[in-house]
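Asks: Dumping the structure here so I can ask a few things about it.
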Amino acid sequence: MSMGLKEIAWRIKRLSWQVFAWLLHRRWELQYQNNPADCKTIPGMIDKIKFYGLSDIKPKDVPKDYIDNAISAANELLLHHYDYLALGKIDLGREINWNHEYKRNIDTPLLFGPWMDYRDSDSFGDFKYFWELPRFQHLITLSKAYYLTGQEKYAKEVITQIKGFIEQSPYLLGVNWIIPMEASIRLVSISWVTAFLKEYLKKNQQACVLIGRLVRSHIDYVASNYAAYSSANNHLIAEAAGVFIASICFFGIGKMRSHQDRAFEILCREMPRQNYEDGVNKEQAVHYQIFALNFFLLAGLLGKTNNIEFPVNYWKMLEKNVTFIAAITNDICQLPEIGDSDDGKAILLCEKDSNPVRSLLAVSAVLFNKTEFKSKAGYFDEASFWLLGPDGQQKFDNLPYQSSVCLPAKFEQGGYYILTGDEPARPKIVFDCGPLGFGEIAAHGHADCLSFTLDAYNRAFFVDPGTYTYIAANPFRNYFRSTAAHNTVVIDSMDQSEMTGPFLWGEKADSFIKDWQDKDGFARVTGEHNGYKRLNDSVNHKRSIELDRKKSVVVIKDYIEATKSHTVEQYFHLAPECIIRLSKPNVCHITNKDRTIDLIADNRTSITIIKGSENPIHGWVSIKYDERIPVNTIVCRIISDGKEHLITKINLLI
């Protein structure tokens, strides 16, 4: 990957800042150890702003199940029991080590953070396991428990943990200072912590000083190191949102107004820059779209209620984003696992049944007065309650509910097409004919041109694989990004796009939509890509997916055009709940719970069913970071003679 002169200049400037920071580290550290008078007025600052729905909520207004869930989770956190990604619930020990990688159980060194390579798993382990806890999202739960009960044990634990973090993670030293995004997520968390602890902080000036010190150091760090060029993706959105939110909550500390203006400008610029006009995020990773959307939403909501108005186009694009999410979400607020995901959340406001998709839809239903969003959300969840308050709950309840929701089916710029059918099967197909990813490196995209997912009977049948891991040394990182991990065609065991690193791509496939029809009883989408034209014998793959709504039959037509012979493989990855049975050489009975569909392969192909193979790697999906599940994968193989036309049928009514 080559860099332009502007990017080289930016990187030199950033490196110069880091050298300067390293040389003056002790001086800067002493600066943040001071007890500035402005920090002691933090509770008063929170009093003077309207902080989301929380400003309109009294503890007596909070539903009992929210209270019970918060107290139960907070009591576990008092014992330092923490639910840590794939590790499950673990004991963090008597004193929390904020520089510990809990998966491999190793301490990370206090080196100069901006110079540490967090992807060096041999030295530092899996960065997800040393960054998740310091995001401080669990401190929101503890702070909420104090707010709901008035018991100071929860507040004291929060302040003890913040003090421990500051002592163990000196300014710019260690893994918690590697990238500004992590510091910015802490800023969002600490804003909510401060709002919940407001009454406690009024009586504890030293606690205010600790919070003020944390805020000042984090704001300075993020504002001096905004992501740029190939790094300016969801990281930049999170960074600007964190600074913007903190600048409102802690407006009396330092030079917050100038930081606020810059963050506001970045958010307004990045909304159209990182999204297509149809509302699809350019990273081509739907969970990162949710991640970025929540930061846009958090910043916009807090600005709106404090007389800082974002442009009309900002809100229009946000609504388009939510419309896309609603269109591809199933009836229980689950998204297809398209592109990368690391389970990261912008904010964590509920302890049980947290679902960022549902929260986004519910809040957006109120913001945009959209019954479609309410119907997809299903109900107004706890996170929405804290964001919009009782008034938001009332507005949500007043919106009518629609059992059948009409949403766009074509997202041309983003490259997604949705084919839906009627009762009883109610099939939903999401077809991917979009770009690989955002910018030159397309960091979070997968080699998934012309792939699809299929739900029927409100159950998943054919699924996208997910992500599993970000560790470069783990061969599963490349597998989950590979073409063979998706429901599409593989030629000669090659990927459509060329992987050159765990977040890098060389030659990239381009997709092109050729036909789209959506009529009363019939829908069809046709696309092609040029990923295999880089082979010595150029190969073109075109795929058409047709849905006959009256017969509940899906027909997949794959057209392979080449001059010479090639190995052609069609991959179909089943949901973990599915079981499979071959009734004929080319017929697969696929059952999910009490519903069965048939896949009828082209009778010239040979069928192999693979499940959970590690050598070679095949037959896996991941619905949670660092967890993989063996699944049945159908592989239909044929040796082509130049041109090939394969027809696969899926009968939904058995």
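Asks: Just a yes or no: is a residue in the range 23-44 among the polar types (S, T, N, Q), modelled with pLDDT of 85 or more and in a loop (DSSP other than H, G, I, E, B)?
Replies: For the range 23-44, residues among the polar types (S, T, N, Q), modelled with pLDDT of 85 or more and in a loop (DSSP other than H, G, I, E, B): absent.
Asks: Next question, about the same structure. Could we say that Leu293 is buried (at least 20 other Cβ atoms within 10 Å of the Cβ) and over 29 Å from Asp448 (Cβ atoms) here?
Replies: No; evaluated as a whole, the condition is false for this residue.
Asks: I would also like to ask the following. Which numbered condition trips up Phe385, out of (1) closer than 23 Å to Ile237 by Cβ; (2) surrounded by 24 or more Cβ atoms within 10 Å (Cβ to Cβ)?
Replies: Only one criterion in (1) closer than 23 Å to Ile237 by Cβ; (2) surrounded by 24 or more Cβ atoms within 10 Å (Cβ to Cβ) is unmet by Phe385, namely (1).
Asks: Looking at the range 212-228, I want the residues that are in contact (Cβ under 8 Å) with a residue 60 or more places away in the chain and have a partner that is of a type in the set (Gly, Ala, Ser) and not in a helix (DSSP H, G or I) with Cβ atoms under 8 Å, at least 6 apart or on another chain. Which pairs are those?
Replies: Arg216/Gly254
Asks: Under 7 Å between Cβ atoms, at least 6 apart or on separate chains: pull out the pairs that start in the range 489-505 with a residue that is charged (D, E, K, R) and end on any residue that is crowded, with 17+ Cβ neighbours inside 10 Å.
Replies: Asp492/His566; Asp495/Ala447; Asp495/Ser482; Asp495/Thr483; Glu498/Trp505
So that you can scan it fast, the table gives a plain yes or no per residue for (1) among the hydrophobic types (A, V, I, L, M, F, W, C); (2) at pLDDT 95 or above; (3) open to solvent by less than 20 Å² (accessible area, probe 1.4 Å); (4) assigned to a strand (DSSP E or B):
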residue: Glu546; (1), (2), (3), (4): no, yes, no, yes
residue: His566; (1), (2), (3), (4): no, yes, yes, yes
residue: Gln570; (1), (2), (3), (4): no, yes, yes, yes
residue: Ile579; (1), (2), (3), (4): yes, yes, no, yes
residue: Ile597; (1), (2), (3), (4): yes, yes, yes, yes
residue: Ile607; (1), (2), (3), (4): yes, yes, no, yes
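Asks: I would also like to ask the following. Given the conditions (1) within 23 Å of Gly344 (Cα to Cα); (2) surrounded by fewer than 23 Cβ atoms within 10 Å (Cβ to Cβ), and given that Asn321 satisfies all but one, which numbered condition is not satisfied?
Replies: (2)
Asks: Within the range 84-99, work out how many residues are of a type outside the set (A, V, I, L, M), touching a helix residue (DSSP H, G or I) at 6+ places or on another chain (Cβ under 9 Å) and open to solvent by 20 Å² or more (accessible area, probe 1.4 Å).
Replies: 3
Asks: Hey, another quick one. Restricting the first residue to the range 573-602 and requiring it to be among the hydroxyl-bearing types (Ser, Thr, Tyr), which pairs with a second residue that is surrounded by fewer than 17 Cβ atoms within 10 Å (Cβ to Cβ) and not in a strand (DSSP E or B) meet a Cβ separation below 7 Å and a spacing of at least six or different chains?
Replies: From the range 573-602, the pairs are Thr596/Ile654.
Asks: Can I ask one more? Condition check: open to solvent by less than 50 Å² (accessible area, probe 1.4 Å), within 31 Å of the chain's Cα centre (by Cα) and within 29 Å of Asp520 (Cα to Cα). Does Ser552 satisfy that?
Replies: no
Asks: Related question: Being touching a helix residue (DSSP H, G or I) at 6+ places or on another chain (Cβ under 7 Å) and over 27 Å from Glu132 (Cβ atoms): is that true of Glu372 here?
Replies: yes
Asks: Here's something else I'd like to know. Does Asn307 meet the test of being within 29 Å of Glu440 (Cβ to Cβ) and either assigned to a loop (DSSP other than H, G, I, E, B) or at pLDDT 95 or above (or both)?
Replies: No.
Asks: Would you pick out the residues in the range 249-258 that are touching a residue at least 40 places away in the same chain (Cβ under 8 Å), within 19 Å of Leu301 (Cβ to Cβ) and either in contact with a Ser or Thr (Cβ under 6 Å, 6 or more places away or on another chain) or open to solvent by 10 Å² or more (accessible area, probe 1.4 Å) (or both)?
Replies: Result: Cys249, Phe251.
Asks: Now, a different point. Which condition from (1) modelled with pLDDT under 95; (2) closer than 21 Å to Lys153 by Cα; (3) of a type in the set (Val, Ile, Thr) is the one that Ile106 breaks?
Replies: (2)
Asks: Out of (1) open to solvent by less than 10 Å² (accessible area, probe 1.4 Å); (2) within 27 Å of Pro311 (Cβ to Cβ); (3) not basic (Lys, Arg), the odd one out for Val215 is which?
Replies: The one condition Val215 does not meet is (2).
Asks: I would also like to ask the following. Collect the residues in the range 48-65 that are open to solvent by less than 30 Å² (accessible area, probe 1.4 Å) and part of a helix (DSSP H, G or I), keeping them in residue-number order.
Replies: Those that are open to solvent by less than 30 Å² (accessible area, probe 1.4 Å) and part of a helix (DSSP H, G or I): Tyr52, Gly53, Leu54.
Asks: If you scan the range 68-83, which residues turn out to be surrounded by fewer than 17 Cβ atoms within 10 Å (Cβ to Cβ) and either in a helix (DSSP H, G or I) or modelled with pLDDT under 95 (or both)?
Replies: Asp68, Ser72, Asn75, Glu76, Leu78
Asks: Only one of Leu349, Leu361, Leu419, Leu399 is open to solvent by 10 Å² or more (accessible area, probe 1.4 Å) and at pLDDT 95 or above; which?
Replies: Leu399
Asks: With respect to Cys268, determine if the residue is open to solvent by 30 Å² or more (accessible area, probe 1.4 Å), under 21 Å from Val363 (Cβ atoms) and touching a residue at least 12 places away in the same chain (Cβ under 8 Å).
Replies: yes
Asks: What number of residues within the range 449-459 satisfy the criterion of being crowded, with 21+ Cβ neighbours inside 10 Å and either among the hydrophobic types (A, V, I, L, M, F, W, C) or over 24 Å from Ile647 (Cβ atoms) (or both)?
Replies: Of the residues in that region, 5 qualify.
Asks: Looking at Gly521, Gly531 in this structure, which one is over 20 Å from the mean Cα position of the chain (by Cα) and either among the hydroxyl-bearing types (Ser, Thr, Tyr) or at pLDDT below 95 (or both)?
Replies: Gly521
Asks: While we're here: Sort out which residues of the range 460-512 are open to solvent by 60 Å² or more (accessible area, probe 1.4 Å), of a type in the set (A, V, I, L, M, F, W, C) and within 29 Å of Ser565 (Cβ to Cβ), and write them in order of number.
Replies: Result: Met494, Phe512.
Asks: Scan the range 531-540 and tell me whether some residue there is part of a strand (DSSP E or B) and aromatic (Phe, Trp, Tyr).
Replies: No, the range 531-540 contains no residue that is part of a strand (DSSP E or B) and aromatic (Phe, Trp, Tyr).
Asks: Also, quick follow-up: Select the helices (runs of 4 or more DSSP H) contained entirely in the range 107-164, then report the ones holding at least 2 residues which are crowded, with 22+ Cβ neighbours inside 10 Å.
Replies: Per the criteria, 128-131, 137-149.
The values are calculated or read from the model by the stated rules, or taken from the named source; none is laboratory data. Predicted model only: the values in this text are computed from it and were never measured. In this analysis, Cβ positions are derived from the backbone assuming ideal geometry, glycine residues included, and neighbour counts consider all displayed protein chains. Quick note on the areas: whole protein, heavy atoms, side chains included, nothing else; ligands and nucleic acids left out. Shrake-Rupley method; radii C 1.70, N 1.55, O 1.52, S 1.80 Å.
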